[in-house]
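J.: This is the structure I have questions about; it appears just below.
No value in this document is a laboratory result; all are computed from the given coordinates. In this text the structure is predicted, and so the values were computed from the model without any measurement. For neighbour counting, all protein chains shown are included, and Cβ atoms are generated from backbone atoms with ideal geometry for every residue, glycine included.
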Amino acid sequence: MTSCWSVQLISAELRSSKHWELSGEGTEIAEQGSHEARVFGSIPPQGLTQSDLMKLSFGKIGFSKAMSSKWIRVDKAHEGGPRVFRTVESIEDQVREKLLLVQRGNSSQLEEKEKNELKKRKLLSEVTVKSYWITKGSSFSTTITKQETELTPEMIASGSWKEKKFKPYNFQAMGVAPDCGHMHPLMKVRTQFRQIFLEMGFTEMPTNNFIESSFWNFDSLFQPQQHPARDQHDTFFLSDPALAHDFPQDYLERVKKVHSEGGYGSQGYKYAWKVEEAQKNILRTHTTAVSARMLYKLAQQEKFTPVKYFSIDRVFRNETLDATHLAEFHQIEGVVADRGLTLGDLMGILHAFFTKLGITKLRFKPAYNPYTEPSMEVFSYHEGLKKWVEVGNSGVFRPEMLLPMGLPEDVSVIAWGLSLERPTMIKYGINNIRELVGHKVNLQMVYDSPVCRLES
Amino acid sequence: MPTVGVKRDLLFTALGRTYTDEEFDELCFEYGLELDEITSEKEIISREQGGSKASGASDVILYKIDVPANRYDLLCLEGLVRGLQVFMNKMEAPRYRRVRPVSGEPQRLVITKETAAVRPHAVAAVLRNITFTQERYDSFIELQDKLHQNVCRKRSLVAIGTHDLDTISGPFTYTAKPPGEISFKPLNQTKEYTATQLMSLYKTDSHLKHFLHIIEDKPVYPVIYDSNGVVLSMPPIINGDHSKISLETKNVFIECTATDVTKAKIVLDMMVTMFSEYCAQPFTVEEAEVVYPDGKTCKYPELAYRKEKLSSEFINRKVGINESTETLARLLTKMCLRSEVTGAGDEIEVEIPPTRSDVIHACDIMEDAAMAFGFNNIPYTTPLTYTVAHQLPVNKLTELLRQELAAAGFTEALTFALCSKEDIADKLGKKISETRAVHIANPKTAEFQVARTTLLPGLLKTVAANRKMPLPLKLFEISDVVLKDETKDVGARNSRRFCAVYYNKSPGFEVIHGLLDRTMQLLEEKSARGDGYHIQAAEGKKGGGGGWHFRACRNSLNR
C-alpha cells in the first residue's frame, strides 16, 4: 500500500480508534462469574475447609478477593483445620457485571477508574485499531508500472529514460557522508585568531621555544625572585638542561640593579637578586617571555621603529588540574610598542580586537600584574548568562622592564592576552578540557565540529 | 589573588551605611576589588564537610573579597574600610605616627650574632593601651595569617609574633640555639617541650607542619627570650604560651623575624598601621629599639612617608585624559596618596604613606589617578601605529599543509607536549639517554617527566583512547617537539614535526606511503634519490607494535 501511496496511485487516510476488549481471563469471568463470586458460591452453609477451597481452580485468587470484600470469613481454630464460612446471605458479582457491559459494547457506561482497575487485573485491555481509508489517487490507474531508482547510461544511450517512471528521491534520510579528514577545533579557533591579528597588522613572534630561562620568563619582566609564581608548585623546572647561559651581560646587570636597588625612577624591590635563580631553566609559563626577547631586540636597533607583535602558542603551569585546567594550554598575546601610547589607546585596540570576535560591550577593571602598571581585566557582557564575564587581561609594561632594555623613555608598550582554550570550549560547547586537548579527545566531536566563525 | 573574608554587617557598620549586594559589587569593581562570594560559615562547613557538621555554625553573612596581590593594606576589614572610606571621600586618610614611650626607655630587642646562620633580621614595635573586642582580636589574628601566606611567603621570608607586653619584661634577646637547649611551653600546650620534641610533635599538626622545614635542618634554631628567660617565641614555628594575647590585653609587643629585612619592615608597618586604630591614642605606635650584633641600633616601626613629585602632564599623557592639576591632586588623595599642587607649573607633590608599599614608581601613582578617575570613563582612542604584518614562515607552512592533509582524508589531533620517559623511549624500543630529551625536575606524576621528542606516542595514545570509533582511524599532527641543543642559550630548542598514523584491521602501510608522496608533491619534492626524497628501511629496530620502520630522506624542507 505504501508504494502505491507514494506514487499517488491511491491516497490514504490514517484513522485510528480505540475500544476496550475482554482478555481471555475476562471472557471466562463474564461467562462463569468472578473468582471471588465462585468461591462464595462454592461454600455450603456449614462451611468448607480452607484446604479444600484452595484445591478449586478459582480458589487462590478468589479467596483473597472474597476476604477483602468481606463476603467470607475464616475460623482458624475450627477442629479439622481452618474453615471458611459465608458472612453474608448473597452477593453482587460487580466484576462480572462490568465485564458483561464491556462485552456488549457498553464500555462507556463504566468510569475510567473502573476500566483501569480491571485492566490492572488483566481482565480488560484497550485496543487501538488503525485503519486506512483508501480513495483513488491523482495518478490512479489499474496497471502498476515498475519504478526505476536510477538513471543509467544505457537508458540515456537508448533514450528509454523518456518512458520510465523514476522513484522519487527520499529527502527524509541523510545522504552519504563524504570520506573526509577534519581539523582540530582548537586549531580552527587558533587559525581565526591568527587571521584577526594579521588583519590588524600584527607580526607573528617566533615562539617555537618551549624551554625558557627564568631570566627571560621572570626577571626581565620585573617579576621578583621571591614571587609565588616562581614556586615549585606553579612552574616546571628542568633537571636537564638545568641552567641557561649566554645572557647579554650588561643588560643582565641592569636588570639585577633595578630589582635590588631600584633606578629608572623606581624604588625597586630591595632584595638580594641572585644570578643562579635567573639561570634556572623552566617550561615557559607565558609567551610574554618571548615578547620580552623581542622588545630587547627592538631596543638594540639603531633607530626605534614602532611594532605590533602577536603570538598564539603553548605555555605550561604546574598547578592543580581540574575539568577546565590542564598543565599545558595555549596563550594568545598581542603587543604594541610605539611612542606616546596611552591607556585610552590600549582600550581602543582591545575594542577593535574584541569587535572582530563579535564582542562590542566591554568594561575594564583595575587589576594587578607584576610587570604591567596600569593593569586591566577585560570584561564583556554575556547576553545568555546576563552578567559580565572576564574575557582577557591587559596592561602597560612597567618602566622597570622597558628602560633597562634600552628602549627610549617616551616609548610605551601595551599588551593583552587571553587563553585559547576558553573561547574554544565556549564556542563548541565543551565542558571538560580533556575532551578537547590531549589524547583523550572526543574524536566524534572533532569530526562533527562546525567551521569556526568567531564573530557569531 | 588573596581573598579576605569579612562579616557583611560589621563591614556596613564600619562604612556607616548598608549596600545591596549589587551596589557593593559595583563599588568593589571600581576600586579594583572583586566580590567573589557571598556566603556564611554554616554554608562553608556544609559544603566542605557535609550538612550535619554545619549545625550550630554561624549564619552570619560573610563577604569574600578578592584583593590585588600587592595591596597588603587591604587584607583585613580595618584596611578595607579605611581604603573605601577615603575613596568615597567619607574621611581623610589617617596619619600614622611613631611616638616615644610616655615615660622611660623604649622596649629593646637585642639581636645576637648566632641568628646570622639561620634568620638574621628582626624588627619590633609596641601597641600601647589597645582595646580588643572579640571581632578585633579575630581580625588581628587573621591579618597575621594572611600576611604569612602572602608577602611573608609562608613564613619563610618573615614571621610575625605578637605578645602581651604586661606578661613579659624587656630587654628582649633574639638569638639562636641548638634545638636541644631550647625548652618552653608553647601556645595551647600544657607542658614544656624542647625544640627537638616540638619538631616531632608538630609533624602531624595540619597547620604547622608546613613551616617546620624552614629551620628543621639548621644547627641552631631562632628563639626570643625576655629578661627573665621566658620564651616569647621560636620563630617561625610557634609562640610561647606565657605571653599569649587575650581579649584583656592592653599592651602588645610585636616582633617580626626575617630573612628579608625589607619585607620585615613592610609587614611590621602593616600590622601596626591597621591595628593602632584601637589604641587609646589612635594611629600612634610606640617605638622599639633593635640592637644589632655590631652594637648599632635602629628604631622601629619605620612608618616612612615618602614624597614624590610628578607632573599632571605625565599623568594625562600616560592615561589619555585631560584633567587639571588640582583635579588630579584631589583624585590621588582619594586613593590614600595625599597630594598637593606645589605651584611650580603643573607639578604635584604626592605623599606615599607606609600602607602603600606597592607604590614604587611614578607609574603606580599614575594608575591610582586613572582608577580614581574611573577606568571606564577614559575615552577609547585608536593608536595610529602603522605596521605591515609578517607571518612566521614555519607557521605559515604549517597552516597550508594542515588544510591539505585534512583534504587528503586525515584528521588533526592535538596531543600533550609533556609525557613519561617510557613514552618516548622504552615503548619505542629506544634508550632514554639516546633521545636527547629535556627532563623535568619536579613532575607531579609520571606524565610530566620529559618533553616529547617525537609526536608518535601522542598519536598512538589518541588511537588507543578512540579505538571504539569506526575504522579506519587516520590521524595527523603538525607540532613542536623539544630537543637538547648546546648551541642555544637555554640548551634546548623546538623542532616542528609532521606525524601521521593509520589504524585499521589491516596495517595499510601503502596508505601512509601515499600520504607521504602527496605531502612531498605539495612541497614540490620529487621522488628521486639525490635531488628529491626516497624511502629506505631503517636498520635493526622494530617498533613496539610490530610492523616496518622506515626513514624518509629528503632534501631541505626549509621553505
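J.: Please list the three semi-axes, largest first and in whole Å, of the ellipsoid equivalent to the range B:116-226, using sqrt of 5 times the eigenvalues of its alpha carbon gyration tensor.
T.: Working: eigenvalues 110, 63, 51 Å².
Value: 23, 18, 16 Å, ordered largest first.
J.: Still on this structure, I have one more. Could you compute Rg(Cα) / (2.2 N^0.38 Å) for the range B:97-300, with N its residue count? Walk me through the numbers before you get to the answer.
T.: Values: Rg = 15.8 Å, N = 204, 2.2 N^0.38 = 16.6 Å.
After normalising by residue count via 2.2 N^0.38 Å, the value is 0.95.
J.: Give a residue-ordered list of calculated ³J(HN,Hα) values for the range A:65-76 (Karplus: 6.51 cos²θ - 1.76 cosθ + 1.60, θ = phi - 60°; whole Hz; x for Gly, Pro).
T.: Along the range A:65-76, the couplings run 5, 5, 4, 5, 7, 6, 7, 9, 9, 10, 9, 6 Hz.
J.: If you don't mind, there's one more thing I want to ask. Determine the sum of side-chain charges near A:V127: Lys and Arg each +1, Asp and Glu each -1, restricted to other residues whose C-beta is under 15 angstrom from that of A:V127.
T.: On the way: positive: A:R15, A:K18, A:K115, A:K119, A:K122, A:K130; negative: A:E21, A:E126.
It works out to a net charge of +4.
J.: Using a/c under 1.5 as the rounded threshold, could you call the range B:306-377 rounded, prolate or oblate? The axes a ≥ b ≥ c are square roots of the C-alpha gyration tensor eigenvalues, and prolate needs a/b larger than b/c, oblate otherwise. If you can, show how the numbers build up before the last one.
T.: Details: a/c = 1.60, a/b = 1.13, b/c = 1.42.
Taking the square roots of the gyration eigenvalues as a ≥ b ≥ c, the range B:306-377 is oblate.
J.: With Cβ to Cβ distances under 12 Å as the rule, what net charge do the other residues near B:K309 carry (K, R +1; D, E -1)? Provide the component values of the computation, followed by the final result.
T.: Working: positive: B:R306, B:K307; negative: B:E308, B:E340, B:D346, B:E347, B:E349, B:E351.
Neighbourhood net charge equals -4.
J.: Another question, if that's okay. Return the whole-Å distance between the Cα centroid of the range B:439-484 and the Cα centroid of the range B:270-346.
T.: Each part's Cα centre sits 55 Å from the other's.
J.: Also, quick follow-up: Assuming R0 = 22 Å, can you tell me the calculated FRET efficiency for the pair B:E48 and B:D21, based on Cβ-Cβ distance, to the nearest 0.05?
T.: Numbers: r = 23 Å, r/R0 = 1.04.
For R0 = 22 Å, the calculated efficiency reads 0.45.
J.: I would also like to ask the following. Can you give the Rg/Rh ratio of the range B:393-552, where Rg is from the C-alpha atoms and Rh is the Kirkwood radius? Before the final figure, lay out the partial values.
T.: Details: Rg = 16.5 Å, Rh = 17.2 Å.
On the Cα set of the range B:393-552, Rg over Rh gives 0.96.
J.: Additional query: Quick one: order A:I91, B:I224 by neighbouring beta-carbon count within 10 Å, fewest to most.
T.: Values: A:I91 18, B:I224 29.
With the fewest neighbours first, A:I91, B:I224 line up as A:I91, B:I224.
J.: Relative to the longest principal Cα axis of chain B, at what angle does helix B:261-275 sit, 0 to 90 degrees, rounded to 10?
T.: 60 degrees
J.: Also, I was wondering about something else. Would you calculate the separation in nanometres between label points at B:E37 and A:V129, each defined as 7 Å from the Cα along the Cα-to-beta-carbon direction?
T.: Roughly 6.7 nm, to one decimal.
J.: Pull out a ≥ b ≥ c, the square roots of the eigenvalues of the alpha-carbon gyration tensor of the protein assembly as shown, then state rounded if a/c is under 1.5, prolate if not and a/b is larger than b/c, and oblate in the remaining case. Present the calculation step by step, with values, prior to reporting the outcome.
T.: On the way: a/c = 2.21, a/b = 1.42, b/c = 1.55.
The shape class here is oblate.
J.: Past the 31 Å Cα-Cα mark, which pairs from A:K270/B:K334; A:K387/A:K440; A:K308/B:K265; A:K440/B:K42; A:K136/A:K164?
T.: Values: A:K270/B:K334 28 Å; A:K387/A:K440 33 Å; A:K308/B:K265 42 Å; A:K440/B:K42 39 Å; A:K136/A:K164 22 Å.
The answer is A:K387/A:K440; A:K308/B:K265; A:K440/B:K42.
J.: Could you give the length gained by full extension between B:N442 and B:V99, i.e. 0.36 nm per residue of separation minus their alpha carbon distance, to one decimal place? Don't jump to the answer; show the numbers that get you there.
T.: Details: separation 343, 0.36 × 343 = 123.48 nm, distance 4.95 nm.
Between B:N442 and B:V99, full extension yields 118.5 nm more.
J.: With r defined as the distance between the Cβ atoms of A:Q444 and A:W388 and R0 fixed at 30 Å, what FRET efficiency is calculated, to the nearest 0.05?
T.: Using R0 = 30 Å, I get an efficiency of 0.30.
J.: If you don't mind, there's one more thing I want to ask. Please give the calculated 222 nm ellipticity per residue for chain B, where each DSSP H segment of at least 4 residues contributes -39500 (n - 2.57) and the sum is spread over every residue; nearest 500 deg cm²/dmol?
T.: My calculation for chain B gives -8000 deg cm²/dmol from helical runs alone.
J.: I would also like to ask the following. Would you mind computing Rg(Cα) / (2.2 N^0.38 Å) for the range A:352-440, counting N as its residues?
T.: 1.37
J.: Would you mind checking which residues have amide H under 5 Å from A:F247's amide H? H placed 1.01 Å from N; only 5 or more apart, or other chain.
T.: The list, which skips near neighbours in sequence, is empty: none.
J.: Related question: When the Kirkwood radius is taken over all Cα pairs of chain B, what Stokes-Einstein diffusion coefficient follows at 10 °C and 1.306 mPa s, in µm²/s? Can you show the working numbers first?
T.: Values: Rh = 29.5 Å.
Answer from the Stokes-Einstein relation: 54 µm²/s.
J.: Can you give the direction-averaged projected area of the convex hull of the alpha-carbon atoms in the range B:3-73, in nm²? Write out the running numbers ahead of the final one.
T.: Details: hull surface 21.8 nm².
Across all orientations, the range B:3-73 yields a mean hull projection of 5.5 nm².
J.: Taking the DSSP beta bridges in the protein assembly as shown as the whole, what percent of them are antiparallel, to the nearest 5?
T.: Numbers: 140 of 158 bridges.
The antiparallel fraction comes to roughly 90 percent.
J.: Please report the antiparallel percentage of the DSSP beta bridges confined to the range B:97-300, to the nearest 5. Mind showing how you got there, number by number?
T.: Values: 32 of 42 bridges.
Close to 75 percent.
J.: So if we plug the beta-carbon distance of A:H325 and B:F509 into 1/(1 + (r/R0)^6) with R0 = 41 Å, what FRET efficiency do we get, rounded to 0.05? Could you put the intermediate results ahead of the total?
T.: Working: r = 40 Å, r/R0 = 0.97.
Efficiency for this residue pair is about 0.55.
J.: Which whole-number value in Å³ per residue fits the convex hull of the alpha carbons of chain A?
T.: Details: hull volume 177.5 nm³, N = 456.
Measuring per residue, one finds 389 Å³ for the Cα hull of chain A.
J.: Which ³J(HN,Hα) values in Hz, rounded to whole numbers, follow from the phi angles of the range B:444-461 under the Karplus curve 6.51 cos²θ - 1.76 cosθ + 1.60, where θ = phi - 60° and Gly and Pro get x?
T.: Working through the residues one at a time gives 7, 9, 4, 5, 10, 6, 9, 8, 5, 9, 8, 7, 4, x, x, 5, 5, 5 Hz.
J.: Shifting gears a bit: So what's the net charge close to B:A465: Lys and Arg +1, Asp and Glu -1, counting the other residues with Cβ under 13 Å from its Cβ? Kindly include the intermediate steps, with their values, before the conclusion.
T.: Numbers: positive: A:R434, A:K440, B:K461, B:R467, B:K468; negative: A:E435.
Surrounding charge for B:A465 is +4.
J.: If you find the alpha carbon centre of the range B:487-532 and of the range A:413-444, how far apart are they in angstrom?
T.: Using only Cα atoms to place each centre, the spacing works out to 28 Å.
J.: P(r) for the range A:134-266: what percent of alpha-carbon pairs falls in each 5 Å bin, starting at zero?
T.: The distribution over the range A:134-266 is 2, 6, 8, 9, 8, 8, 8, 6, 4, 3, 4, 4, 4, 3, 4, 5, 5, 4, 3, 2, 0, 0, given as percents.
J.: Give me the distance in nm between label points sitting 7 Å out from Cα along the Cα-to-Cβ direction at A:E253 and B:A464, one decimal.
T.: About 5.4 nm separates the two model spin labels.
J.: Now, a different point. Which residues' amide hydrogens lie under 5 Å from the amide hydrogen of B:D485, considering only partners 5 or more residues apart or on another chain, with H built in the peptide plane?
T.: For B:D485, the qualifying residues are B:A492, B:R493.
J.: Taking the Cβ of each residue in B:T112, B:T385, A:T207 as the centre, tally the other Cβ atoms inside 10 Å and list the residues starting with the fewest. Working shown, then result.
T.: Numbers: B:T112 14, B:T385 17, A:T207 25.
In increasing order of surrounding Cβ atoms, one gets B:T112, B:T385, A:T207.
J.: For the range A:28-134, what is Rg from Cα atoms divided by 2.2 N^0.38 Å, rounded to two decimals? Working shown, then result.
T.: Numbers: Rg = 17.5 Å, N = 107, 2.2 N^0.38 = 13.0 Å.
This ratio for the range A:28-134 stands at 1.34.
J.: Show the residues, 5+ positions off or on another chain, whose built amide H is closer than 5 Å to the amide H of B:R338.
T.: Answer set, sorted by chain and number: B:E351.
J.: Going down the list B:K191/B:K299; A:K280/B:K177; B:K250/B:K309; B:K444/B:K474; B:K185/B:K218; A:K280/B:K307, which pairs span over 29 Å between their C-alpha atoms? Mind showing how you got there, number by number?
T.: Details: B:K191/B:K299 36 Å; A:K280/B:K177 34 Å; B:K250/B:K309 40 Å; B:K444/B:K474 32 Å; B:K185/B:K218 22 Å; A:K280/B:K307 38 Å.
Pairs exceeding the cut-off: B:K191/B:K299; A:K280/B:K177; B:K250/B:K309; B:K444/B:K474; A:K280/B:K307.
J.: Here is a follow-up. Applying the Karplus parametrisation 6.51 cos²θ - 1.76 cosθ + 1.60 with θ = phi - 60° to the phi angles of the range B:217-223, what ³J(HN,Hα) value in whole Hz is obtained for each residue in order, glycine and proline being reported as x?
T.: Computed from phi, the couplings for the range B:217-223 are 8, 7, x, 10, 10, x, 7 Hz.
J.: Using the number of other C-beta atoms within 10 angstrom as an exposure proxy, rank B:H242, A:H184, B:H210 with the fewest first. If you can, show how the numbers build up before the last one.
T.: On the way: B:H242 18, A:H184 24, B:H210 12.
So the ranking, lowest neighbour count to highest, is B:H210, B:H242, A:H184.
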